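Visitor: The structure under discussion is supplied below as C-alpha cells; questions concerning it will follow.
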Amino acid sequence: MPARLFAALFFSETGRLTAAELADRLHASPASVSTAARYQLDLHMMRREREPGSRRDVYVYDEDWYEMMISSSPLIDRGPAPLREATAVLGDSPAGRRVAEALAFLEYLADARRRMLKEWNERKRELREARRGK
C-alpha cells in the first residue's frame, strides 16, 4: 500500500491529494491510506499540509524525497559519537579494532553522503536548466 500511495501522488497531475481522493483512486479503506501515509511521512517521501480554508489534510509529493533518503540516517548521524567513546575505552583490543573499523565506515558513509548530495544538487540544477531551455 505505501508504494501504491506514493505512485498515486507521484503520477497525479498536481502531486497533491486528500486522504479521501487517495482512498478513492486506490480503492482502499481510509485506514489503509492512513497507515501507508504515516509510513511515507516517516520516510519523508511526502508531506502533509492543511488545505487552505479547510480542516482537511492534503498529502503532497515531496520533490526532494530522494535527498531526504540520503541526508537523514540515524545510524550515520548519531552512530559515530558512541563508537568514538567505545574506541577510547576498548583501546587496541579485538573489540576495539572492530569498533574502530565500524566508526571509520560510518565516517566514510557520512563523507560519501555529503559528496553525493553536492553532486546531485549540481546535476538537478543542470536538469532543470535544460528543461527551461537555458
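The values are calculated or read from the model by the stated rules, or taken from the named source; none is laboratory data. Here the structure is a predicted model, which is why all the values come from computation and not from measurement. Please note: Cβ atoms are built from the backbone with ideal geometry, for glycine as well, and neighbour counts cover all protein chains shown. The accessibility values were calculated without ligands, DNA or RNA, using every heavy atom of the protein model including side chains. Shrake-Rupley method; radii C 1.70, N 1.55, O 1.52, S 1.80 Å.
Visitor: Kindly establish whether ALA31 is farther than 30 Å from LEU103 by Cβ and in contact with a Leu (Cβ under 7 Å, 6 or more places away or on another chain). Please lay out each step first, then the result.
Guide: On the way: farther than 30 Å from LEU103 by Cβ: yes; in contact with a Leu (Cβ under 7 Å, 6 or more places away or on another chain): no.
It is false that ALA31 is farther than 30 Å from LEU103 by Cβ and in contact with a Leu (Cβ under 7 Å, 6 or more places away or on another chain).
Visitor: Among the residues of the range 72-103, count how many are within 30 Å of LYS124 (Cα to Cα) and open to solvent by 50 Å² or more (accessible area, probe 1.4 Å).
Guide: Qualifying residue count for the region: 5.
Visitor: While we're here: How many of the residues making up the range 10-62 are loosely packed, with under 14 Cβ neighbours inside 10 Å, touching a strand residue (DSSP E or B) at 6+ places or on another chain (Cβ under 6 Å) and farther than 30 Å from PRO74 by Cβ?
Guide: Result for the range 10-62: 2.
Visitor: If only one of MET1, MET69, MET46 is among the hydrophobic types (A, V, I, L, M, F, W, C) and closer than 30 Å to PHE105 by Cβ, which one is it?
Guide: One residue alone meets the criteria, MET69.
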